[in-house]
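J.: Questions regarding the structure given below will be posed in turn.
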Amino acid sequence: MKLIPRPVEYAIKEGVVGWSSSTQVTGDFPKTIEQAKQLLAQKSAGKASRLHFTKDDERIKDPEGYAIKSNKDVIQVLASTETGAFYALMSLEQLGESGEMECCFVRDDAPKYAYRSFQLDCSRHFWTVEKIKSILRLLAAVKMNTFHWHLSDDQGWRAEIKKYPLLTEKGSIRKKTQIGLVGYSRGNEPYEEKEYGRGLFYTQEQMKEVVAYAADLHIQVVPEIDMPGHMVAAIACYPELSCTGEPAEVSSRWGVMDNICCCGKENIYNFAKDVIDELCEIFPAPYFHIGGDEVPKTRWKTCPACQAKIKELGLKDENALQGYFNNEMAKYLRTKGKRMIGWNEVLDASDIMDTDVIAQWWVYRGSKTRELGWLEKGGNLIMSMWGYVYMDHPYNVRPLSKTYKMTAQALGIKDKKGVLGVECPQWCEYIRTEEKLDFLSFARIITVAEVGWTPDHKMDYKDFEGRLEALRSFFESHGWYIPPQKVYRGKARDLATLTYAGRWNMWRKNSYWEVEWTKKHFGEIIKKK
Ligand code: ACM
Ligand code: ZN
């Protein structure tokens, strides 16, 4: 069956049924019916047929679930919510590419995980609202339901906050941009000596537009403001947020910065709450991401205010101070009906961390014990291990087959109860063009969609690849480029002699090499839409 993600159980039956502008749409779920009509109106006329939606709460228990049964005249859909009905429509869209489709039976399909997400870093490089919408439409096509929007980082602040206008007036701009990794550790890395980011931010109206567009596609948008680390862009605007209060510049260099917010003074607590206030008016999702990753404690160790706070609160150490800050944020978010998500460094103080905080597991901090212990304690996790699902690296370092293995088992999780789901993050330090963004992202999003939906025992990479190839023209007709099979298998260039370390080195020298190689051997990265 030409369908991604693979349904739980299905069968192809004899005969074909029409799927064209001649298809009549009837039944329950008015919103999905309207979307189905719009989708079919774009097709030419064909064989007469009917698409009928029925609400059935008894049979379809999962709110995202659905069933399809068709014969040569009628396609019957069962669902209990508009979301389930919409996912049936998304399945039909893939199955019915050519104006008609094989009759089929999809039994009570439903997702393995409730949280199926893609993250886009819009700080390091900015992506337009139109680009984001095109990606959201792909997320919907493969039944992903969350867009995690990375709106701030050391190198640029991109969300309009009315109370702090400098964040976008000044915090969006860096003087230059690091363009390579060679010499990274020596501090003589290559730069593009050109200002970046002036005016590149999202107004509150634009963020609302994205939220509304996503909601139509049954996608929730989770904003991230990374704190107390990765905050140099904000500190450049409001230096009183840092330990020393010294003037700072928006960072032009990538990496982990020592200049973080001071959690000994009240400034960051007040600032963060103000920012949360404004963003919660825009983003209705029941989650808010506070980042919390890569927070070096160098400055806190010598900061009188941080040390006084540790003493005053009777905290064990600097990690506990971050834990205290996290808990304050979680508590504040709870008053707004939201749960806090943080990268798994939030568990550096797991002994004091509120258990309703969700840890997004992207890196091993020593061993797996702490994260597995968090699950045992009743905590929740989102799986995002960098070696599997990070998308900013070439396929020859991380082929699709590796990304497909991002299962609970791979992380040593025995009981999946606390696993909310899976997310593939796209980091954009070295992604300056839409062409490269497309090249690295779409195929991996499609892969992770199946990882998040299909039961582990039904997952089969070879079968997945077959369906990906069968659906290549469907994806590409929407402008969602899929690299050639040889490339996503990690075989660009003759790599017989290259070790894993050698592949990384190739990327460090020129992070664009795989895109260039593909264009040279397979032609332009298509842009059909
Ligand atoms: C991360 O990659 N720093 C979450
Ligand atoms: Zn401090």
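J.: Determine which member of the set 293, 274, 348, 354 is at pLDDT below 95, open to solvent by less than 60 Å² (accessible area, probe 1.4 Å) and either closer than 25 Å to residue 120 by Cα or within 16 Å of ligand 1 (Cβ to nearest atom) (or both). So that I can check it myself, show each step before the final result.
T.: Details: 293 fails: at pLDDT below 95; 274 fails: at pLDDT below 95; 354 fails: either closer than 25 Å to residue 120 by Cα or within 16 Å of ligand 1 (Cβ to nearest atom) (or both).
Every option except 348 fails the conditions.
J.: Please find, within region 225-271, the residue that is nearest to ligand 2 (Cβ to nearest atom) out of those that are touching a Cys at 6+ places or on another chain (Cβ under 9 Å) and either at positive phi or among the aromatic types (Phe, Trp, Tyr) (or both).
T.: Checking each candidate, the answer is 245.
J.: Moving on. Can you report the number of residues in region 138-159 which are closer than 23 Å to residue 212 by Cα and not in a loop (DSSP other than H, G, I, E, B)?
T.: Initial filter on region 138-159 (closer than 23 Å to residue 212 by Cα): 138-152, 157-159.
Then drop every residue that is not not in a loop (DSSP other than H, G, I, E, B), which leaves 138-141, 146-150, 152, 157, 159.
Here the count works out to 12.
J.: Can you name every one of the strands (runs of 3 or more DSSP E) wholly within region 4-58 that holds 1 or more residues which are within 18 Å of residue 103 (Cα to Cα), open to solvent by less than 20 Å² (accessible area, probe 1.4 Å) and touching a residue at least 60 places away in the same chain (Cβ under 8 Å)? Step through it out loud before you land on a result.
T.: Details: elements: 9-18, 23-27, 49-55.
Where strands (runs of 3 or more DSSP E) fall fully within region 4-58 and carry at least 1 residues being within 18 Å of residue 103 (Cα to Cα), open to solvent by less than 20 Å² (accessible area, probe 1.4 Å) and touching a residue at least 60 places away in the same chain (Cβ under 8 Å), they are 9-18.
J.: While we're looking at this one, here's another question. Can you confirm whether residue 330 is within 13 Å of ligand 2 (Cβ to nearest atom) and hydrophobic (A, V, I, L, M, F, W, C)? Don't jump to the end; show me each part of the working.
T.: On the way: within 13 Å of ligand 2 (Cβ to nearest atom): no; hydrophobic (A, V, I, L, M, F, W, C): yes.
When the stated conditions are applied, residue 330 does not pass them.
J.: Further, regarding this structure: If you take the residues of region 182-207 that are in contact with a Pro (Cβ under 9 Å, 6 or more places away or on another chain) and within 16 Å of residue 510 (Cα to Cα), which of them is modelled with the highest pLDDT?
T.: Taking region 182-207 first, the residues in contact with a Pro (Cβ under 9 Å, 6 or more places away or on another chain) are 182-183, 207.
Still in the list and also within 16 Å of residue 510 (Cα to Cα): 182-183.
Values: 182: 73, 183: 61.
Restricting to residues being in contact with a Pro (Cβ under 9 Å, 6 or more places away or on another chain) and within 16 Å of residue 510 (Cα to Cα), the top hit is 182.
J.: So which pairs qualify, if the first residue must be in region 254-265 and over 16 Å from residue 174 (Cα atoms) and within 16 Å of ligand 1 (Cβ to nearest atom), the second must be open to solvent by 10 Å² or more (accessible area, probe 1.4 Å) and hydroxyl-bearing (Ser, Thr, Tyr), the Cβ gap must be under 6 Å, and the two must be at least 6 apart or on different chains?
T.: Final answer for the pair search is 258/298.
J.: Another one. Counting only residues that are of a type in the set (Val, Ile, Thr), give me the helices (runs of 4 or more DSSP H) lying completely in region 373-483 with at least 2 of them.
T.: Values: elements: 386-389, 400-403, 434-453, 461-470, 472-477.
By residue number, 434-453.
J.: While we're on this one: What is the one condition in (1) open to solvent by less than 60 Å² (accessible area, probe 1.4 Å); (2) closer than 22 Å to residue 145 by Cα that residue 61 does not satisfy?
T.: The one condition residue 61 does not meet is (1).
J.: Is it fair to say residue 205 is more than 28 Å from residue 358 (Cα to Cα), away from ligand 2 (no atom under 16 Å from the Cβ), under 24 Å from the mean Cα position of the chain (by Cα) and open to solvent by 60 Å² or more (accessible area, probe 1.4 Å)? If you could, list the steps in order and put the result at the bottom.
T.: Details: more than 28 Å from residue 358 (Cα to Cα): yes; away from ligand 2 (no atom under 16 Å from the Cβ): yes; under 24 Å from the mean Cα position of the chain (by Cα): yes; open to solvent by 60 Å² or more (accessible area, probe 1.4 Å): yes.
Considered against the rule, which asks whether it is more than 28 Å from residue 358 (Cα to Cα), away from ligand 2 (no atom under 16 Å from the Cβ), under 24 Å from the mean Cα position of the chain (by Cα) and open to solvent by 60 Å² or more (accessible area, probe 1.4 Å), residue 205 comes out as yes.
J.: Follow-up question, since we're still on this one. If I ask for residues that are part of a helix (DSSP H, G or I) and either out of contact with any helix residue (DSSP H, G or I) (no Cβ under 6 Å at 6 or more places or on another chain) or more than 10 Å from ligand 2 (Cβ to nearest atom) (or both), which ones from region 297-306 would you list?
T.: Those that are part of a helix (DSSP H, G or I) and either out of contact with any helix residue (DSSP H, G or I) (no Cβ under 6 Å at 6 or more places or on another chain) or more than 10 Å from ligand 2 (Cβ to nearest atom) (or both): 298, 299, 301, 302, 304, 305.
J.: Considering 389, 419, 448, which residue is among the aliphatic types (A, V, I, L, M), crowded, with 18+ Cβ neighbours inside 10 Å and within 26 Å of residue 179 (Cα to Cα)? Working first, answer last.
T.: On the way: 419 fails: within 26 Å of residue 179 (Cα to Cα); 448 fails: within 26 Å of residue 179 (Cα to Cα).
None of the others qualify; the one that does is 389.
J.: While we're on this one: Under the condition of being part of a helix (DSSP H, G or I) and not small (Gly, Ala, Ser), which residue from region 333-354 is farthest from ligand 2 (Cβ to nearest atom)?
T.: Here the answer is 334.
J.: Here is a follow-up. Looking at region 324-336, can you tell me whether even one residue there is among the basic types (Lys, Arg) and under 22 Å from the mean Cα position of the chain (by Cα)?
T.: Applying the first criterion (among the basic types (Lys, Arg)) to region 324-336 yields 331, 334, 336.
Cutting the leftovers down to under 22 Å from the mean Cα position of the chain (by Cα) gives us none.
For region 324-336, residues among the basic types (Lys, Arg) and under 22 Å from the mean Cα position of the chain (by Cα): absent.
J.: May I pose another question? Could you tell me whether region 140-162 includes any residue that is surrounded by fewer than 21 Cβ atoms within 10 Å (Cβ to Cβ), of a type in the set (Lys, Arg) and modelled with pLDDT under 95?
T.: Within region 140-162 (the criterion being surrounded by fewer than 21 Cβ atoms within 10 Å (Cβ to Cβ), of a type in the set (Lys, Arg) and modelled with pLDDT under 95), the answer is no, since none of the residues qualifies.
J.: For residue 292, indicate whether it is assigned to a loop (DSSP other than H, G, I, E, B), within 15 Å of ligand 2 (Cβ to nearest atom), small (Gly, Ala, Ser) and within 30 Å of the chain's Cα centre (by Cα).
T.: No; evaluated as a whole, the condition is false for this residue.
J.: Also, quick follow-up: Only one of (1) closer than 30 Å to residue 209 by Cα; (2) surrounded by fewer than 21 Cβ atoms within 10 Å (Cβ to Cβ) is not met by residue 255, so which one is it?
T.: The one condition residue 255 does not meet is (1).
J.: If you go through region 307-320, how many residues are near ligand 2 (Cβ under 9 Å from one of its atoms) and either surrounded by 20 or more Cβ atoms within 10 Å (Cβ to Cβ) or not in a helix (DSSP H, G or I) (or both)?
T.: 1
The values are calculated or read from the model by the stated rules, or taken from the named source; none is laboratory data. These figures come from a predicted structure and were not determined experimentally. Note that each Cβ is placed from the backbone with ideal geometry, even for glycine, and that neighbours are counted across all protein chains shown. Ligands, DNA and RNA are excluded from the accessible area calculation, which covers all protein heavy atoms including side chains. Shrake-Rupley method; radii C 1.70, N 1.55, O 1.52, S 1.80 Å.
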